[in-house]
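**Q** Here's a structure for you.
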Amino acid sequence: MNRRASVILAVVVIAFAYSLPIYMSGFRLFQFTQVCIYAIALMGLNLLTGYNGQFSLGHGAFYAIGAYISAIMMDQWAIAYGWTIPVAGVLCLIVGFLFGRPALRLEGLYLALATFSLALAVPQILKYFEHWTGGSQGIVLTKPKAPWGLKITEDQWLYLVTLTVTVVMFVLAANLVRSRVGRAMVAIRDNHIAAETMGVDSALYKSLTFGVSAAYTGVAGALSAVAIAYVAPDSFNVFLSVTFLIGIVIGGLASVWGNVLGAMFIQFVPNWAQDISKAAPWAIFGIFLIGFMYVMPYGIAGAIKRLWISQVVSRVSQKQGGEPLSSQQAESPSR
Amino acid sequence: MIGRKLTAAVLAGALLGLGLASAAPAQTVVGVTATEIKLGNTNPYSGPASAYGTIGKVIGAYFKKVNDEGGVNGRKINFISYDDSYSPPKAVEMVRKLVEQDQVAAVFQTLGTPTNTAIHKYINQQKVPHLFVATGATKWNDPKNFPWTMGFQPNYQTEGRVYASHILKNFPDAKIGILYQNDDYGKDYLKGMEDGLGANASKLIVMKQSYEVTDPTVDSQIINLKNSGANVFFNITIPKFAVQAIKKANDIGWKPTHFLNNVSSSLATVLKPAGLEASKGLITALYMKEVTDPQWSKDKGFTDWVAFMKKYYPEGNLDDQSNAYGYNVAILMVQVLKQCGNDLSRENIIKQAANLKDYDLPLLLPGMKINTSPTDHAPIEQEQLAKFDGERWVLFGEIFDAFRK
């Protein structure tokens, strides 16, 4: 897709997203608030896994940390929710960076296991600091009301806030991956020895990516604390981390739009699966998953891109009447 | 730079959209038609607590039986139950779906303390009856602040009071040692005990020891309690630690009168692993007929339940106490709907739920009655003590009523 088309698409989609409160209210809007939150979390994980090639099975932990930072700030010091979101992002950036340093020694599956242990440990550690975290009972919060006398419901306000944060985070991420830093990240993923030969500080970039990734997921966690108005260790079980991984793979690795599509998948497909069969919802979910992976091996975003490329290719080859572009070009996964 | 232009364009789009947002229409909710009453529920059909999912299934099966027999006042019960995976965010989403999209008349038997905590405020703001929640926490009985929420089973504080009352009556020279889990659950029990002992609490309790759920053992706490000279031991532990505590006390020859909380009263998961000989003489408090206890095999409540299970929920496990629990609570819900008559407004549903007088459930212990009032949202407040004879729990003494002596 060329740049102009993607800008137009982005503006149309965002304008549509902002108009959602006109068509729906309450519960439906709440679901789309969650889609936005998941999309940010997936963007974070995608920066790490899709763009930088590091695996994480523990992003639920950063999500939890972000949520608890926000909840504790609101609960203990009555700080407005708006301020807790950037603080959660910055603190998760630091935690992610520090975790990323030692994790540098681990590659691929070993890193996945190390992060998995993080996902296992965090819910238990949260119970340990009961004075702050409320233990296994968690922290009950109050849902923010719309300010400035706006005549909109809490849900509508929350959705607009979440959507705005999502848009900002996505614009930042889209710029990041196209920048010098982004190219370095991708270079490390594709061949870290070659990248280092080119003068890329692999260790630094990998830890930084881990930090930024954790920051995104932490911001998502903080938003979820505000939206759900409750945090508890049970909200952040191991399955959440797996869900995030499912989201980026289904949506499309190393794709910005893929995160939105993946977020919709992890939000809505489990519900559909439940509507189809109460007895075995996860079996149905598994079938969906296998079906998607079979039909769209590069995720939804990858499939759309391939469709687009194949159309362009056929148009070009018709025009030139000559040889079609090499099949490899049409097959390449989305970038 | 193209990147900057893109940023500007996207942000412009965002602001444009923000201006478009406007208010949504208000809605009125009933959930009742001439032929149907909608009840909403969430249960952990998947996830860490999925063993409890059978409660939702047995409730659905019981409502099917009621519907087959003509429903309640001519209306069929439409029981809508969703999976919340024991996850608070999922519970919020599903309960909001029940209230806002499915427009249920009442939410009933949502399971789990964290999940119910997550929906507690919302559901009271929406003024939807939130009946007979499946958790032992004490906070569900707070009609002043949460008039739409009501518990079901005896809560931990009630149980603590039951033991306290027994100790006050029978052990004037008690020196009480307490082991408790350092969280809400443990503290709830502890509070019940201390409140029950009243002014004497500080004199009677000679030592309190706590443990964290993450600790490997409670051995040192048991040794400390023995050394304190305590002759009464109140053991507030979950099964894993209950086994350790019973074993250790036995190993070091400490023989206090040992009160074990109901949470760990299971034969299969606690008493057998701890050793039946070592468990002899343990005292706990019960409120339901244990379905595996042979003493109920001829009991009408029990045989009715078995007949129901075989017909409507044949895949359900007859050894699983949860199936008895779900049966009991479904019967109570039907009773509330019957009492409502033709006025099934949400106001009347909660009013009738808070107006249960000496109602008897088939699988409660004999003599126990359900009582609620506008200031009492704890339906079951009675328990009976039982002593372990090396084989099974043997009920003894009278039924304790923690709040109505």
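**Q** Within segment A:109-124, can one find any residue that is over 25 Å from A:Val165 (Cα atoms), of a type in the set (Gly, Ala, Ser), in a loop (DSSP other than H, G, I, E, B) and within 14 Å of chain B (Cβ to nearest Cβ)?
**A** No, every residue in segment A:109-124 fails to be over 25 Å from A:Val165 (Cα atoms), of a type in the set (Gly, Ala, Ser), in a loop (DSSP other than H, G, I, E, B) and within 14 Å of chain B (Cβ to nearest Cβ).
**Q** Separate question: Filter segment B:157-188 down to the residues that are within 14 Å of B:Thr135 (Cα to Cα) and either crowded, with 24+ Cβ neighbours inside 10 Å or away from chain A (no Cβ under 14 Å) (or both) and list them by number.
**A** First, pick out the residues of segment B:157-188 that are within 14 Å of B:Thr135 (Cα to Cα): B:157-159, B:184-185, B:188.
Within segment B:157-188, B:Gln157, B:Thr158, B:Glu159 qualify.
**Q** Which one of B:Lys90, B:Lys121, B:Lys57 is in contact with a Gly (Cβ under 8 Å, 6 or more places away or on another chain) and facing chain A (nearest Cβ under 10 Å)? Outline the logic, then answer.
**A** Working: B:Lys90 fails: in contact with a Gly (Cβ under 8 Å, 6 or more places away or on another chain); B:Lys121 fails: in contact with a Gly (Cβ under 8 Å, 6 or more places away or on another chain).
Sole residue among the options that is in contact with a Gly (Cβ under 8 Å, 6 or more places away or on another chain) and facing chain A (nearest Cβ under 10 Å): B:Lys57.
**Q** Any idea which of A:Ala195, A:Ala225 is under 22 Å from A:Leu118 (Cβ atoms) and either touching a His at 6+ places or on another chain (Cβ under 7 Å) or among the aliphatic types (A, V, I, L, M) (or both)?
**A** Working: A:Ala195 fails: under 22 Å from A:Leu118 (Cβ atoms).
So the residue among A:Ala195, A:Ala225 that is under 22 Å from A:Leu118 (Cβ atoms) and either touching a His at 6+ places or on another chain (Cβ under 7 Å) or among the aliphatic types (A, V, I, L, M) (or both) is A:Ala225.
**Q** Do we have any residue at all in segment A:75-84 that's of a type in the set (Asp, Glu), within 29 Å of B:Pro48 (Cα to Cα) and within 12 Å of chain B (Cβ to nearest Cβ)?
**A** At the first step, the residues of segment A:75-84 found to be of a type in the set (Asp, Glu) are A:75.
Keeping just the survivors that are within 29 Å of B:Pro48 (Cα to Cα) gives A:75.
Checking which are within 12 Å of chain B (Cβ to nearest Cβ) leaves us with none.
No.
**Q** Looking for something more than 20 Å from A:Leu253 (Cα to Cα), within 14 Å of chain B (Cβ to nearest Cβ) and either touching a residue at least 40 places away in the same chain (Cβ under 8 Å) or not charged (D, E, K, R) (or both) - is there at least one such residue anywhere in segment A:209-222?
**A** Yes, segment A:209-222 contains a residue that is more than 20 Å from A:Leu253 (Cα to Cα), within 14 Å of chain B (Cβ to nearest Cβ) and either touching a residue at least 40 places away in the same chain (Cβ under 8 Å) or not charged (D, E, K, R) (or both).
**Q** Is there any pair with a first residue in segment A:272-285 that is at the interface with another protein chain (Cβ under 10 Å from one of its Cβ atoms) and under 20 Å from B:Asp102 (Cβ atoms) and a second that is not hydrophobic (A, V, I, L, M, F, W, C) and not in a helix (DSSP H, G or I) whose Cβ atoms are under 8 Å apart and which are 6 or more apart or on different chains, and what are they?
**A** Final answer for the pair search is A:Gln274/B:Tyr82; A:Gln274/B:Asp83; A:Lys278/B:Tyr45; A:Lys278/B:Ser81; A:Lys278/B:Asp83; A:Pro281/B:Tyr45; A:Pro281/B:Ser46; A:Pro281/B:Asp83.
**Q** Next question. Give just the number: which of (1) crowded, with 24+ Cβ neighbours inside 10 Å; (2) within 14 Å of another protein chain (Cβ to nearest Cβ); (3) within 18 Å of the chain's Cα centre (by Cα) does A:Gly251 not satisfy?
**A** With (1) crowded, with 24+ Cβ neighbours inside 10 Å; (2) within 14 Å of another protein chain (Cβ to nearest Cβ); (3) within 18 Å of the chain's Cα centre (by Cα) applied to A:Gly251, the lone miss is (2).
**Q** May I pose another question? Going residue by residue through segment A:228-238, is there one that turns out to be closer than 20 Å to A:Thr115 by Cβ and either surrounded by fewer than 19 Cβ atoms within 10 Å (Cβ to Cβ) or within 11 Å of the chain's Cα centre (by Cα) (or both)? Don't jump to the end; show me each part of the working.
**A** If we filter segment A:228-238 for residues that are closer than 20 Å to A:Thr115 by Cβ, which is where we start, we get A:233, A:235-238.
Those still in the list that are either surrounded by fewer than 19 Cβ atoms within 10 Å (Cβ to Cβ) or within 11 Å of the chain's Cα centre (by Cα) (or both) too: A:238.
Within segment A:228-238, one or more residues are closer than 20 Å to A:Thr115 by Cβ and either surrounded by fewer than 19 Cβ atoms within 10 Å (Cβ to Cβ) or within 11 Å of the chain's Cα centre (by Cα) (or both).
**Q** Answer yes or no as to whether B:Ser210 is assigned to a helix (DSSP H, G or I), of a type in the set (Ser, Thr, Tyr) and over 17 Å from B:Ile283 (Cβ atoms). Steps first, please.
**A** Values: assigned to a helix (DSSP H, G or I): no; of a type in the set (Ser, Thr, Tyr): yes; over 17 Å from B:Ile283 (Cβ atoms): yes.
For B:Ser210, the condition - assigned to a helix (DSSP H, G or I), of a type in the set (Ser, Thr, Tyr) and over 17 Å from B:Ile283 (Cβ atoms) - is not met.
**Q** Regarding B:Thr149, is this residue in the same structural domain as B:Gly40 (by TED's automatic domain parsing) and either free of Cβ contacts under 8 Å to residues at least 24 places away in the same chain or in contact with an Asp or Glu (Cβ under 8 Å, 6 or more places away or on another chain) (or both)?
**A** Working: in the same structural domain as B:Gly40 (by TED's automatic domain parsing): yes; either free of Cβ contacts under 8 Å to residues at least 24 places away in the same chain or in contact with an Asp or Glu (Cβ under 8 Å, 6 or more places away or on another chain) (or both): yes.
For B:Thr149, the condition - in the same structural domain as B:Gly40 (by TED's automatic domain parsing) and either free of Cβ contacts under 8 Å to residues at least 24 places away in the same chain or in contact with an Asp or Glu (Cβ under 8 Å, 6 or more places away or on another chain) (or both) - is met.
**Q** Quick one: how many residues across segment A:152-183 are buried (at least 22 other Cβ atoms within 10 Å of the Cβ) and either over 15 Å from the mean Cα position of the chain (by Cα) or free of Cβ contacts under 8 Å to residues at least 24 places away in the same chain (or both)?
**A** Total satisfying the criteria: 5.
**Q** Inside segment A:1-19, can you point out the residues that are among the aliphatic types (A, V, I, L, M) and surrounded by fewer than 21 Cβ atoms within 10 Å (Cβ to Cβ)? Let's see the steps before the verdict.
**A** Taking segment A:1-19 as the starting set, the residues that turn out to be among the aliphatic types (A, V, I, L, M) are A:1, A:5, A:7-15, A:17.
Within segment A:1-19, A:Met1, A:Ala5, A:Val7, A:Ile8, A:Leu9, A:Val11, A:Val12, A:Val13, A:Ala15 meet the criteria.
**Q** Would you mind telling me which numbered condition in (1) assigned to a helix (DSSP H, G or I); (2) within 17 Å of the chain's Cα centre (by Cα) A:Gly286 fails?
**A** A:Gly286 satisfies every listed condition except (2).
**Q** Give A:Ile65, A:Ile139 a once-over and let me know the one that is of a type in the set (Val, Ile, Thr), buried (at least 22 other Cβ atoms within 10 Å of the Cβ) and within 20 Å of the chain's Cα centre (by Cα).
**A** Working: A:Ile139 fails: within 20 Å of the chain's Cα centre (by Cα).
When all the criteria are applied, what remains is A:Ile65.
**Q** Just the residues that are on the phi < 0 side of the Ramachandran plot and in a loop (DSSP other than H, G, I, E, B), please, taken from segment B:248-285.
**A** Taking segment B:248-285 first, the residues on the phi < 0 side of the Ramachandran plot are B:248-252, B:254-274, B:276-280, B:282-285.
Across segment B:248-285, the qualifying residues are B:Ile252, B:Trp254, B:Lys255, B:Pro256, B:Asn261, B:Ser265, B:Ser266, B:Lys280, B:Leu282.
The values are calculated or read from the model by the stated rules, or taken from the named source; none is laboratory data. Small disclaimer: the values here were computed from a predicted structure and weren't measured. Virtual Cβ from ideal backbone geometry, glycine too; neighbours counted across all protein chains shown.
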